[in-house]
Each structure stands twice: as C-alpha cells, then as structure tokens.
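Peer 1: Below is one structure. I have some questions about it.
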Amino acid sequence: MRLTYIIFLTGLMIACGGGESIEEKKQKLDQLKAEVSQLNRQIQELESDIVEYDPNYSAVTRQHTLVSTMEVMPQPFEHKFEVRASVASRRNVLISAETSGRIESIHVREGDQVRKGQLLITQDASILENSVEELETQLDLATTLYQKRARLWEQNIGSEVQYLEAKNTMQTLQQRLETTNSQLSQSRIRAPFNGVVDDIDAKLGETAMMGSPMIRILSVDEMHVEADVSEKYLGRISKGDTVDLFFSSFDVELKTVITSVGHVINPQNRTFSVEMAVPKSDIPYKPNLVGVVRIRDYYRPDALVVPSELIQRDNEGTYVYVVDNTEEGLVAAKAHITLGRSYRAMTEVVEGLQAGITLVQAGHREVTDGALVQIANRELL
C-alpha cells in the first residue's frame, strides 16, 4: 500500500512538472526511485522486527486464495478408442449380362422389394425361342418313334440297331433342348435372393454385351458393421464385447455387440477386421454408411480419477494441488502423481494419491505450493 502511494506521488510530480526540461525530469525520477528503494528497505526491516516479537504477524498478513475442492474416491473407470466403421451387406450383388442381346423390358424400379427368382430384366432372345420351338417339335417326333420302336423291341420285332438309334436320337434332342433352354434363361435376369433393387444400369432398348453391369440387388436383412482395428489392440477385443456405435449423419449413439474378430493382419495397413451387429433402430441403414465405433480396451472398477484439467507439470513431473490442514490453516500443497490412461477429460492416477484426499479444483491455477486457501462455493469464484 505504501509503495503504491509513493509510485502515485511520483507519477503526479512528473505530470505536474510539464515545464521542466528532460534532464531535470530524469534527475527527479532517479531521486524518487532512490527514495522508494530506501522506503522498501525500511519496510522490510520493520516487518522483520515485528515478526521477531510477534510470530503470528506474518500469518495474519498473508492473504487467502478462494478455491473450491473435490474429494477423490474410488470409482469405475474405462478407456475406449475410436475407429472408423461402415455399414456393409453380405449380399450386395451387381448382376451383369450373361449373354449379348437387346434389352427388351425392365420389370422393376429402383427401391422395389424383390423375391428370389423374380424376373427383373428381359433381353431379346427370339432366335433361341425359335430354336426351342423347333427342338420341341423334333423331340416330340423322336419320342414317339422311340416309344414305338421300344414296344416292337419288347415283342422281338425289328432290329436292336433301329431301337438304339431311335433312343439315341431322342436323348440327343433332349440334351440339345436343355442346353438351348439354359441359353434362353441367360437372357432372363432374375433376383438371386430376396432383397431391394438398389441401382439399375440397364437402359431399355440398348444392346447389352456379355459382362455389362445390369442391376444391383442388396439384402437389408443381412447387414453388419465392419471396422479395421490396429494390430496393437490384439488381445484386448473379443467376440461378444459391447461397443458404442455413433452415426454423425443422424447424431445418434447406439449399443451393439462384436460378432466376429479377424485372425489375419492386413500387411498393407497392419490392421485386423472386426464385425458388429447392426443395432435395431429407426435409422435407414445403407451400405457404406459411415460411423464411428468406440471400443473399450481398459476397465478398472476402483480407480482414482481426477479431472485432466487439474493436472500440471513442473521439473519433477506431473502434480495436482491437494488441501492440507496445518497450524496456519488450510494450505495448498503439491502432490506429484503417476498417471494412467485418460478418457473424456478424466485421468486415472496410479500413484501419488489416496482415497479420500481433497483436491483444489477451481482456483488451481492461482494457488502456489504452501499458499493459504479458503474453501468457497464454486459459484463464488
């Protein structure tokens, strides 16, 4: 207070001496600084004399820092890591043309539900259809001749060669008809399983070449979530573990279960695959929908945990301020600690703290080691 008053007088005298030269001002400033220095020495000497006769004087003059506190007690603590995940379908098939031909008709639209075997696209196959009709006619005749030859042969009428020739002709036509029908079926694109029409590449009237993409069918009933996890987490993840699944597109977090853990490491990115069940939800799941999966790799039921913001560092390592009850009153004291894992702004302390100890919370940046503190409600800070 005295020092502040002297400095104020110094500034006032300098301000009032507006008509003085710069040299005169410098001399006055040096003189005042010398007086301030002498007063400070006198103040220190007086305080030392007073403390010698009244030891409690320094405790009275020390100021208290207002802080709030928290008690550290054992509690469950877990650590999770995040990886990118995506929705996939085990049945997501792009059907291509098996034969060349003009697209005659498209029987479905994108988004339609289809059943296994349902006709989707028809290609022009008039030549094959005519061949089938011709072969069916020939087969009818060959079958009739064979039946007659067989009846005569049973009565020992006619030669065995004629019987065998009739039988061979009928069987050859049957095989040719079966082959032609197979070729005809290739011009009829049918659904390989129950699912949804996701995309149609075929255009009505254009000629599709063999191998041309025609239509994509996917099954929404056989979707799953897949993620690639770093090999450093091997042994920490097991089938049946519960995980958190977050979809930012819908701002929703769901619980699901790991259904499969891969046994092969990808040599390109050193990861292994993990599959999870798609949780029941109103979310319209689509293949390649991106999400984030949070997988727990550490859990301790009785950990000592502190807010990460309270942890500070000095030359000796990391520390927090604890409240000690001394003869002078409550004081802040450094407690050096050994840290464990951190998750969601909380950090596990593995050494340096005991259950029930009181930490300085609000105000931990204002206190120093050994500073007197006064506990107040957080609202007052």
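Bear in mind that the values in this text are calculations on the coordinates, not laboratory data. Since the structure is predicted, the reported quantities are computational estimates derived from the model, not experimental observations. Counting neighbours? That spans all protein chains shown, and the Cβs are built from the backbone with ideal geometry, glycine included.
Peer 1: Enumerate by residue number the GluC sites (Glu not before Pro) in segment 287-381 meeting two conditions: DSSP loop (anything except H, G, I, E, B), and at most 11 other Cβ atoms within 10 Å of the site's Cβ.
Peer 2: E316, E327
Peer 1: For a quick check: with amide H placed at 1.01 Å from N, whose amide H comes under 5 Å from T347's, ignoring anything fewer than 5 positions away on the same chain?
Peer 2: Those qualifying (amide H under 5 Å, at least 5 residues apart or on another chain) are V306, S308.
Peer 1: Here's a follow-up. Which percentage, to the nearest 5, of the DSSP beta bridges contained in the chain is antiparallel?
Peer 2: 95 percent
Peer 1: Note down the Stokes-Einstein diffusion coefficient of segment 180-245 in µm²/s, whole number, using a Kirkwood radius over alpha carbon pairs, 20 °C, and 1.002 mPa s.
Peer 2: Reported coefficient: 130 µm²/s.
Peer 1: Next question. Looking at segment 53-143, which GluC sites (Glu not before Pro) are DSSP coil and have at most 13 other C-beta atoms within 10 Å of their C-beta?
Peer 2: E110
Peer 1: Roughly how large, in nm² to one decimal, is the mean projection of the convex hull of the alpha-carbon atoms in the chain? Before the final figure, lay out each step's value.
Peer 2: On the way: hull surface 169.3 nm².
Computed as one quarter of the Cα hull surface, the answer is 42.3 nm².
Peer 1: Okay, next question. Compute the acute angle (0 to 90°) between the alpha-carbon long axis of helix 22-53 and the principal axis of greatest extent of the alpha-carbon atoms of the chain; round to the nearest 10°.
Peer 2: 90 degrees
Peer 1: Related question: Pull up all non-local amide H partners of Q361: gap of 5 or more, or a different chain, and H-to-H distance under 5 Å with H placed in the peptide plane.
Peer 2: S68, T69, M70
Peer 1: Follow-up. Once the mean 1/r over all distinct Cα pairs of segment 72-135 is inverted, what Kirkwood radius in angstroms do you read off?
Peer 2: For segment 72-135, the Kirkwood estimate is 17.6 Å.
Peer 1: Compute the long axis of helix 126-154 from its Cα atoms, compare it with the longest principal axis of the Cα atoms of the chain, and write down the angle in degrees, 0 to 90, nearest 10.
Peer 2: The angle comes out at about 50 degrees.
Peer 1: Let me ask another. Tell me what the chain gives for mean residue ellipticity at 222 nm when only DSSP H runs of n ≥ 4 count, each as -39,500 (n - 2.57), the sum divided by the residue total, rounded to 500 deg cm²/dmol.
Peer 2: -10000 deg cm²/dmol
Peer 1: Let me ask something else. Roughly what angle does helix 2-16 make with the longest principal axis of the chain, taking Cα atoms, 0 to 90 degrees, to the nearest 10?
Peer 2: 90 degrees
Peer 1: So, one more: Using amide H atoms built 1.01 Å from N in the peptide plane, name the residues 5+ places from A303, or on other chains, whose amide H lies under 5 Å from its own.
Peer 2: Q75, F77
Peer 1: With loop defined by DSSP as not H, G, I, E or B, and exposure as at most 14 other Cβ atoms within 10 Å, which is the longest segment of the chain clear of exposed trypsin sites (Lys or Arg not before Pro)? Spell out each step's value before the answer.
Peer 2: Details: sites that count: R62, R90, R109, R115, K116, K203, R236, K239, R270, K280, R344, R365.
With trypsin sites (Lys or Arg not before Pro) excluded where exposed in loops, the chain gives 117-202 as its longest stretch.
Peer 1: Computed from the mean reciprocal separation of all distinct C-alpha pairs, what Kirkwood hydrodynamic radius does segment 95-217 have, in Å? If you can, show how the numbers build up before the last one.
Peer 2: On the way: mean 1/r = 0.0593 Å⁻¹.
16.9 Å is the Kirkwood radius here.
Peer 1: Over 21 Å between C-alpha atoms is what I'm after, so list which of K116/K255; K116/K280; K80/K239 land there.
Peer 2: Where the Cα-Cα span goes over 21 Å, the pairs concerned are K116/K255; K116/K280.
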